[in-house]
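Peer 1: Encoded as C-alpha cells, here's the structure I'll be asking about.
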Amino acid sequence: RHVAFARRFGDLEIHPFISGNREHPELVRFEKGADTGGFENGWHHDVTWREVPSAGAILHAVQVPPTGGDTLFADMAAAYDGLDEATKERIDGLHAVHDYMLAFGAQVPPDKQEATRKRYPPVRHPVVRTHPVTGRRTIFVNCYFTSHVEG
C-alpha cells in the first residue's frame, strides 16, 4: 500500500546506494540496530548530489518508541519566507555545490574513490529554488551534501 500511495505523486526512484527489498526496490528500510552509518540522524534533503534531486520522500513508521525516535521535517519555503529582505537579496541567484563524497566518501574504499567521483561528480544547484507546483521559493542547502556556496 505504501508504494501505491507514493506512486500517486509520480514515478518512484530507486536509491542508488541503499538497497530496497526484492519486491519493492524503491523502498528503503531502516531498522533498530541496523548499521545505517548515522546519516539518518542529521538534517538533510535526500540525494541533492544528483543532477536531478528527488522531489520528496514518504515515511511510514511501523514501530515507534514511546519517547525519542523523532523524525522531523523542515519547511524550507517557510525558512525562506522568514528571512529579512537583505538576506533574500544576498542569496537569490547564488549557487551551491552538492557533493556525494562529502558525506559518504569515507565509506567508499580507496580503490573505488576515483570511479565513484566520476560516476557522481559534484553538481551545482541554486541556493534558492522555486517549487514547480506552488511557485514558492525554498532554500536548497544542507550540511551533509552542500560543500560550499559559490560567489
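Where a number appears in this text, it was derived from the coordinates with a stated rule and is not lab data. From a predicted model like this one, the values you see are computed outputs, not experimental measurements. Cβ sites come from the backbone with ideal geometry, for glycine too, and all protein chains shown count toward neighbours.
Peer 1: Which is the longest stretch in the chain that no exposed loop site breaks, taking sites as trypsin sites (Lys or Arg not before Pro) with a DSSP loop state and at most 13 other Cβ atoms within 10 Å?
Peer 2: Segment 33-151 is the longest.
Peer 1: What does the extension gain come out to for Ala106 and Arg119, with contour length at 0.36 nm per residue minus their alpha carbon separation?
Peer 2: 3.1 nm
Peer 1: Residue by residue through segment 111-118, which ³J(HN,Hα) values in whole Hz follow from phi under the Karplus form 6.51 cos²θ - 1.76 cosθ + 1.60 (θ = phi - 60°), with glycine and proline marked x?
Peer 2: Result, ordered by residue: 6, 10, 4, 5, 5, 5, 4, 5 Hz.
Peer 1: Report the charge-dipole magnitude of the chain in Debye, nearest 20, computed about the Cα centre from +1 at each Lys and Arg Cβ and -1 at each Asp and Glu Cβ.
Peer 2: 380 debye
Peer 1: Given a cut-off of under 8 Å on Cα pairs at least six residues apart, what relative contact order in percent is computed for the chain?
Peer 2: Computed over the chain, the figure is 25 percent.
Peer 1: GNM, the chain, Cα, under 10 Å: largest mean-square fluctuation among Ala103, Ala74, Ala86?
Peer 2: Checking each option, the largest mean-square fluctuation is seen for Ala86.
Peer 1: Here are labelled values, (1) 17.1, 50; (2) 16.4, 56; (3) 15.5, 47, and one is the computed Rg and Dmax of the Cα atoms in Å for what I pasted. Which one?
Peer 2: (1)
Peer 1: What shape does segment 46-108 take by its C-alpha gyration tensor, where a ≥ b ≥ c are the square roots of the eigenvalues and a/c under 1.5 counts as rounded, a/b above b/c as prolate, and the rest as oblate? Please list the in-between numbers first.
Peer 2: Details: a/c = 2.43, a/b = 1.30, b/c = 1.86.
It is oblate, given that a/c is not under 1.5 and a/b is not larger than b/c.
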